[in-house]
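The values are calculated or read from the model by the stated rules, or taken from the named source; none is laboratory data. If you're wondering where the values come from, they're calculated on a predicted model, not measured in any experiment. Here the Cβ is made from the backbone with ideal geometry for all residues, glycine too, and neighbour counts use every protein chain on show.
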Amino acid sequence: MNKHLRVTIIGCLILLMLVVFAVSRPGTSQAYSPKKKHQEDGLFVHGRILVQFRPSLMALRQPNVIAEEGASDGGEIGETGVHLVELPEGADEEAFVNVFRARPEVEFAELDRIVPVQEMIPNDPWYSNWEWYLPKISAPAAWQTTTGVNSVTIAIVDTGVDGAHEDLASKLVPGWNVYGNNSDSSDVYGHGTKVAGTAAASSNNGMGVASVAWNCRIMPVRVSATDGTASYSNIATGLTWAANHGARVANVSYIVSGSSTVSSAAQYFQSKGGVVTVSAGNYSTFDSSPDNPYVLTVSATDPNDLLYSWSNTGNNVDVAAPGWSYTTVRGGGYSSASGTSISAPIVAGVAALVISANPSLTAPQVQDILKQSADDVGSSGWDASYGWGRVNAARAVGLAVGNTSPPPDTTPPAVGFSSPAPGATVSSTLSVQVTASDNVGVNLVSLSVDGTLVGGDNAAPYTFSWSTNTASNGTHTLMATASDVAGNTTNTSITVSVNNPLSDTLPPAINITAPANGSKVSGNVSVYVSATDNIGVVRVELYVDSKLVATSSASPFATKWNTRREASGSHTLQCKAYDAAGNSGTSALVRVYK
């Protein structure tokens, strides 16, 4: 054989082997090294970007395009067609994204962002109540038709799930640990167990909590690091894995509706007949990204069907749901949880009920049913805060089986005060007792004083504790409001006279309990205090480097400090507490390091 021909053939064989190796490498490198972006808009995976090529480009050609830019192919994410593109050491990830976006062969390129779980720490009186959100979404009426079936599985794409929990153990099907590339799907952070219990904890079993979709199964898919954060690529891999293993619903309690990579995975999940729910986010911001047809993006509402102040809004919001639950926690037991991390799995549970009622529905049909059946609690029609409205499980299940909606309940509750009497003179801490009744059922009773909310209760006897020490001496108006499941409300008011001695001269005592002195901090830091007073603390202020940065007027007086705006190095924290008489106490300095 001619020598030159032999060399050419050998070269071609080597090139073919390299191409085959590059194409066949599975996308299973899920552990990541986070890196801070130059702009203040989050973390992303160091040394990697995500690229999808146009369908017109042959698969064998794709690794060559990657190589031409000095990168290597890390394989594809499931059936999405998205490549994990590994970059040279020290490369500028954003620059490589721009380079690939400029190529005509590329559909999209993006950073492999790392997103935090979307949960909130309860800090107001509503959270002392129990599962008001289930009647709020008309779940009891939906359960008359279905409580879910065990052939419908909800994938919890999150931090894992505690498979030993007493209200979850019997519900789990085999899952997967995308982050570690193994079958250990246990919860490493605690977030996924709360999400799973909200959607589908065991119910009507004489213990623990109730959930939306009692009898549906749970598939734990861990995509996060031990700090709860997850990358776009891991979330996308988790969605495709769940789709290929029979999940009909997937919940992702992260902000991902704007990711092209996750959208590709959600599109694949939808093509397999599944519905994906995601969190809108908890940053009180407006998301201008367009609607994502492959996911249901969920904002969060309170017991009065008002948007929580921390809930994100935007063009991508599809529906709203209650942003609070009492749910399962890692290690056993139960606790409250809140945020769009909770509103999303509530919608996931309703989607599972709809599919249980009519398994033949396509994924787009299920999404349409959830939108059409929602209670339009915002502006008429779609709006950026509530989407198409707050989800209604009974109406959704009714549409799924072809039932017409029951006649609307238009009868408001009756409400009144049993104590104190109108015109009474009161002092110190007062127990306020309210009576309420309704033709169907009272959903919630709330108390406000001079227009400021004191608390809410969803179970009789409706009792509230009001510290008159925080009010000035004189006349004050108490208003009780009762609402039913249909949203009908009634309120009634009385006036009372506060008469407290004005000789309080003792200042509050306060100290910072977290973060600890000498600790390192980053991101949005919660500053916790222990604050006591002989009568009562009414306000706490947080000072960073002697500058006032936050205040809190409700126990436990936690405040937030955004360290992203601070320089690296040493910073001092100090808190001041005030009582109703104006006395103030100051904590010791706590030094932290960014």
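Structure notes:
- Candidates Val329, Val262, Val278, Val319, filtered to the one that is within 22 Å of Thr153 (Cα to Cα) and free of Cβ contacts under 8 Å to residues at least 40 places away in the same chain: Val262
- Failed condition for Ser309, given (1) touching a Cys at 6+ places or on another chain (Cβ under 7 Å); (2) part of a loop (DSSP other than H, G, I, E, B): (1)
- Within segment 163-178, residues that are closer than 20 Å to Val223 by Cα and modelled with pLDDT of 95 or more have Cβ atoms under 8 Å from residues that are of a type in the set (Phe, Trp, Tyr) and surrounded by 15 or more Cβ atoms within 10 Å (Cβ to Cβ) in these pairs: Trp176/Trp241; Val178/Trp241, counting only partners at least 6 apart in sequence or on another chain.
- Within segment 274-306, the only residue that satisfies the criterion of being small (Gly, Ala, Ser), assigned to a loop (DSSP other than H, G, I, E, B) and within 17 Å of Ala374 (Cβ to Cβ) is Ala280.
- Taking segment 149-167 as the range and being part of a loop (DSSP other than H, G, I, E, B) and either buried (at least 24 other Cβ atoms within 10 Å of the Cβ) or not hydroxyl-bearing (Ser, Thr, Tyr) (or both) as the test, the residues that pass are Val149, Asn150, Val152, Thr159, Gly160, Val161, Asp162, Gly163, Ala164, His165, Glu166, Asp167.
- The set of residues in segment 523-535 being surrounded by fewer than 19 Cβ atoms within 10 Å (Cβ to Cβ) and farther than 21 Å from Arg565 by Cβ consists of Ser530, Thr532, Asn534.
- Restricting segment 347-390 to residues that are within 21 Å of Gly281 (Cβ to Cβ) and surrounded by fewer than 21 Cβ atoms within 10 Å (Cβ to Cβ), the residue that is nearest to the chain's Cα centre (by Cα) is Ser385.
- When each of Asn458, Asn469 is tested for being buried (at least 16 other Cβ atoms within 10 Å of the Cβ), in contact (Cβ under 8 Å) with a residue 60 or more places away in the chain and over 22 Å from Asn499 (Cα atoms), the lone residue that passes is Asn458.
- Verdict on Ala213 being assigned to a loop (DSSP other than H, G, I, E, B) and touching a residue at least 12 places away in the same chain (Cβ under 8 Å): yes
- Across segment 327-346, the qualifying residues are those that are surrounded by 24 or more Cβ atoms within 10 Å (Cβ to Cβ) and not β-branched (Val, Ile, Thr), and the one among them that is nearest to Arg217 (Cα to Cα) is Pro345.
- Any hit, segment 369-376, residues being of a type in the set (S, T, N, Q), under 19 Å from Tyr254 (Cβ atoms) and not in a strand (DSSP E or B): no
- Yes/no for Gly238 being within 30 Å of Arg48 (Cβ to Cβ), at pLDDT 95 or above and either in a loop (DSSP other than H, G, I, E, B) or touching a Leu at 6+ places or on another chain (Cβ under 7 Å) (or both): no
- In a residue-by-residue description of segment 504-521, the property of being at pLDDT below 90 and closer than 24 Å to Val454 by Cβ applies to at least one position.
- Ser373 out of contact with any His (no Cβ under 7 Å at 6 or more places or on another chain) and free of Cβ contacts under 8 Å to residues at least 12 places away in the same chain: no
- Residue match in segment 291-306 (condition: more than 22 Å from His191 (Cβ to Cβ), among the aromatic types (Phe, Trp, Tyr), in contact with a Gly (Cβ under 7 Å, 6 or more places away or on another chain) and not assigned by TED's automatic domain parsing to the domain that holds Glu107): no
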